[in-house]
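Peer 1: My questions will all concern the structure given below.
Throughout, read-outs are computed from the coordinates displayed, never taken from laboratory work. No experiment lies behind these values; they were computed from the predicted model shown. Counting neighbours? That spans all protein chains shown, and the Cβs are built from the backbone with ideal geometry, glycine included.
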Amino acid sequence: MLHPSRFENGDLLAKRSISGSDYCGAGLEGGGLKRKLLLQPELREAIARLSQQRPKDETLGQRLSEAEYGALLDGLAHEDPRIVKRFGMGDAEAPLPEDGRRRLLSEQRTMVLDRNMAVFELLTGIQGDFERRGMNPNLWQSWCGDWTELLYSLGAHDGDEDLIGASALHVVRRLLLGGEASLEDRRELARSAPILRRILDAYGGLTFPAFFMRTLHMLYLLTLLARGATGFEAEGQERLGRDEEGIELHPLPEGHSFRAEQDALARYDFPGWEQQRGLPHFSSFEHPDGRSRSSEEFKCATGRTVTEWDAEHVAGLVKGGGKLSGKKGSMAKRPNRSRGAFVFCCPHRVIYGFHVMLRGESPRDPFTVLYTRLRRDDLPEVVIYDNACALRNYCMRRAPAHFANVRFLVDRFHYAKAGAEVHKCGPSNSVDSYDWLEWVNTSAVESVNSYLKGFRSLGWYSGLESFMVILPLLLGGYNAALRRVDDAKLCVAILVTCWTVGVRVGLLRG
């Protein structure tokens, strides 16, 4: 975790989003733009339970009773969205009592009610469609069919703006205006909105059913607002691709106050990875030292920070931490030094750079690098991270326009984990939802971590200055020892000794 940048006089580089200027929507209790279609948490949980996407989960795997499903519809259609519906144990046939009212600004009630009514229309439409097709219309009793993934996504804890990728917005707009999907449109949906593509295919592949259009329209507007129309307080709004003074981004000069901490803790030596801007203090969301005021840095499954999870489950990783150690009754110990290094690499395991973590891993680590070192046009199309759902929420809350075209996905290894570490975010966060990523190595960084584990003790017992000398040498040697990315291509079809010069140039450089 890195601290916010400071000017030469010691003042923080601060940014504060302002309602009506920096965002065009609001959440419950005036908390700023919320990237969720359903804002009441009790209704979201009920929708997730209805989907049965996570049947083995202790909470989300419990089926709704008929009374609970009725309470869900009542909550969605209620004319006063301040009413809090209770979902839980009770008489299965009797209406569930209302627990009370939540605080909700008057200007937000229409927005919340419109979104709720869209989902109400979706659920009742699914019931009617199932009945016409001879299927069980009682959704609380049966599988939700092709709507399972979408319903769970609407009920999961993460935002909903990733259901429609940026490149699929024009396709959704055409369908909302009454057009039909072409072959190219379907390909674009498969790439950027795979859950919607599967629903489209289930209904003939040309257009969506009428009862889904209102929900789709809400998702379309939510995605547009969540990915842009943002600025900050410095003389109007920040211009994309420019620094705080409106000047086109360029590497900060040596000795610049914004570089002080990253120069001491980070090494990103590849061209284009130089630090180009400072790390702001987002005062609406953070403490002065950069820690979030809310739970947005927590792990998806456990509701705790990575540091807290490691302290309990990973022996020796933190001082006095872990359930196991070498001797019975003792605690694993190590010097109270850094919390390790955060590494960026590509799917071919080439390491781009690293920085030292002083407080424990969090979404702030990748955000800092992507925001301060890469221009918007140079950002990767896909970022794969074991806590990508939290990283997406973190990035889109602070710099939505900067990250508007980036897809954040959880690697296969971590998304498929079971038990206490299972991801509870929506399936749009899974690499396996995207066919075009089928052959991408999503565990490349795990290979790097496996290599670095052999030097863990060396890192623990080294001071920061020594560590910043040793680790670049190790990572540079690792990069130099990697096999060439095109080595496998040389073995395709025929022996390389049989290739002509023209074939070699055409396949490897053409």
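Peer 1: What shape does the stretch 28-227 have by the C-alpha gyration tensor, where a ≥ b ≥ c are the square roots of the eigenvalues, rounded means a/c under 1.5, and otherwise prolate means a/b greater than b/c and oblate the rest?
Peer 2: The shape class here is oblate.
Peer 1: Grab the Cα-Cα distance for Arg187 and Leu221, subtract it from 0.36 nm times how many residues apart they are, and report the gain in nm with one decimal.
Peer 2: Here the segment from Arg187 to Leu221 would lengthen by 10.0 nm.
Peer 1: Amide H of Cys345 versus every other amide H placed in the peptide plane: which residues, excluding those fewer than 5 positions away on the same chain, fall under 5 Å?
Peer 2: Sorted by chain and number, the residues that satisfy this are Tyr352.
Peer 1: What is the packing order of peptides 360-371, 269-280, taking the mean over residues of other C-beta atoms within 10 Å and listing the highest first?
Peer 2: Descending mean neighbour count gives 360-371, 269-280.
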